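Q: Encoded as structure tokens, here's the structure I'll be asking about.
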Amino acid sequence: MKNILIPTTLKDDTICAVKAAVNQAKDSACEIILLMAAETPDSFSSSFYLREMKTGLTISQEEVLETCRYIVEHTPNCKIKVHNQYGLSSPIFKRVIDHFSVKLVILTNSYKNETKRIYQYLIQLAGNQKCPILHLGNENLKEDFTKALYIENGRANMHVKDVQQFLNENFSYEIVSQTSKIDDDYDNLAPYLSEAISKYDIDLLVETRKGEKIKFKKNKKENINEKLGLPILSLYEEMA
């Protein structure tokens, strides 16, 4: 079973994430977990605590959730559930990953642009887990990803063959081109990247990552997949 975790505030692009999750599952059994995180109410009053925890969904959120359920109900071998998580820490998030046997985390643009501290904290906690993370692009999502551009981290002890082997075992992506890490020289390399993406019909980026210390930054740095508009699969180096 390939279980997939989607942290969400039930914005419209959650539907795209569910479609991507269904596609990743292929014909295998799959459970999609929509994780809704919230701060633990800061009160000694049990009645206030329970009242705060029972905040309902808006009409638009309910519509998104119903659409997600409809998609999954009409997909063989897939199930969906909503997990409400009040309060977060590194051990708690790891238990969530382990409890649901999560094999992939999908992050939407809307979730990454949320400003509440708990959402940004969850994103960083996810980055320190060993399961792959699929960051969705900001353009119209294709039904399936097949051809990938591998962004090589020069400091990583990994070869493109190792990454491709991991992709063969867990996904259905083929690396058709590669480039070195380009964050510091993106503007100069952008035309060449665009040419490669067009030439090889690339629809996915692949990168590797290491665990990092949790930091809350005032100015959010734009990632390469946001610049190119393509989804990016981030692999923890010890896994790949």
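The values are calculated or read from the model by the stated rules, or taken from the named source; none is laboratory data. All values derive from a computational prediction rather than experimental measurement. Using ideal geometry, Cβ is built from the backbone for each residue, glycine included, and neighbour counts are taken over all protein chains shown. Surface accessibility is based on the protein's heavy atoms, side chains included, excluding ligands, DNA and RNA. Shrake-Rupley method; radii C 1.70, N 1.55, O 1.52, S 1.80 Å.
Q: Quick one: count up the residues across region 14-36 that are open to solvent by less than 10 Å² (accessible area, probe 1.4 Å) and in a strand (DSSP E or B). Don't jump to the end; show me each part of the working.
A: Going residue by residue through region 14-36, those that are open to solvent by less than 10 Å² (accessible area, probe 1.4 Å) are 14, 17-18, 20-21, 25, 30, 32-35.
Pick out the ones that are also in a strand (DSSP E or B) and you get 30, 32-35.
Final tally of qualifying residues: 5.
Q: Could you run through region 90-112 and say how many residues are in contact (Cβ under 8 Å) with a residue 12 or more places away in the chain and either of a type in the set (D, E, K, R) or in a loop (DSSP other than H, G, I, E, B) (or both)? Quick ask: steps written out before the conclusion?
A: Going through region 90-112, the residues in contact (Cβ under 8 Å) with a residue 12 or more places away in the chain turn out to be 90, 93-94, 96-97, 100-112.
Checking the rest, the ones that are also either of a type in the set (D, E, K, R) or in a loop (DSSP other than H, G, I, E, B) (or both) come to 94, 100-101, 103, 108, 112.
Number of matching residues: 6.
Q: Right, something else. Quick check: anything in region 6-13 modelled with pLDDT under 90 and either open to solvent by 60 Å² or more (accessible area, probe 1.4 Å) or over 23 Å from Gln129 (Cα atoms) (or both)?
A: Filtering region 6-13 down to residues modelled with pLDDT under 90 leaves none.
Looking through region 6-13, none of the residues is modelled with pLDDT under 90 and either open to solvent by 60 Å² or more (accessible area, probe 1.4 Å) or over 23 Å from Gln129 (Cα atoms) (or both).
Q: Test Lys94 against the criterion of being open to solvent by 80 Å² or more (accessible area, probe 1.4 Å) and either over 13 Å from Ala37 (Cα atoms) or under 18 Å from the mean Cα position of the chain (by Cα) (or both), and give yes or no. Steps first, answer last, please.
A: Values: open to solvent by 80 Å² or more (accessible area, probe 1.4 Å): yes; either over 13 Å from Ala37 (Cα atoms) or under 18 Å from the mean Cα position of the chain (by Cα) (or both): yes.
Considered against the rule, which asks whether it is open to solvent by 80 Å² or more (accessible area, probe 1.4 Å) and either over 13 Å from Ala37 (Cα atoms) or under 18 Å from the mean Cα position of the chain (by Cα) (or both), Lys94 comes out as yes.
Q: Restricting region 53-82 to residues that are outside any helix (DSSP H, G or I) and basic (Lys, Arg), which is most open to solvent (accessible area, probe 1.4 Å)?
A: At the first step, the residues of region 53-82 found to be outside any helix (DSSP H, G or I) are 54-58, 74-82.
Remaining after also requiring basic (Lys, Arg): 54, 79, 81.
Values: Lys54: 160, Lys79: 108, Lys81: 79 Å².
Taking the candidates together, the pick is Lys54.
Q: Go through (1) out of contact with any Phe, Trp or Tyr (no Cβ under 8 Å at 6 or more places or on another chain); (2) exposed (fewer than 14 other Cβ atoms within 10 Å of the Cβ); (3) of a type in the set (D, E, K, R) for Arg117 and report which single condition fails.
A: Single failed check for Arg117: (1).
Q: Exactly one of (1) farther than 24 Å from Pro231 by Cβ; (2) open to solvent by 40 Å² or more (accessible area, probe 1.4 Å) is unmet by Gln85. Its number?
A: Of (1) farther than 24 Å from Pro231 by Cβ; (2) open to solvent by 40 Å² or more (accessible area, probe 1.4 Å), only one is false for Gln85: (2).
Q: Would you confirm, using the coordinates I've provided, whether Glu238 is more than 16 Å from the chain's Cα centre (by Cα), at pLDDT 85 or above, open to solvent by 70 Å² or more (accessible area, probe 1.4 Å) and closer than 28 Å to His99 by Cβ? Before the answer, list the steps.
A: On the way: more than 16 Å from the chain's Cα centre (by Cα): yes; at pLDDT 85 or above: no; open to solvent by 70 Å² or more (accessible area, probe 1.4 Å): yes; closer than 28 Å to His99 by Cβ: yes.
No, not satisfied.
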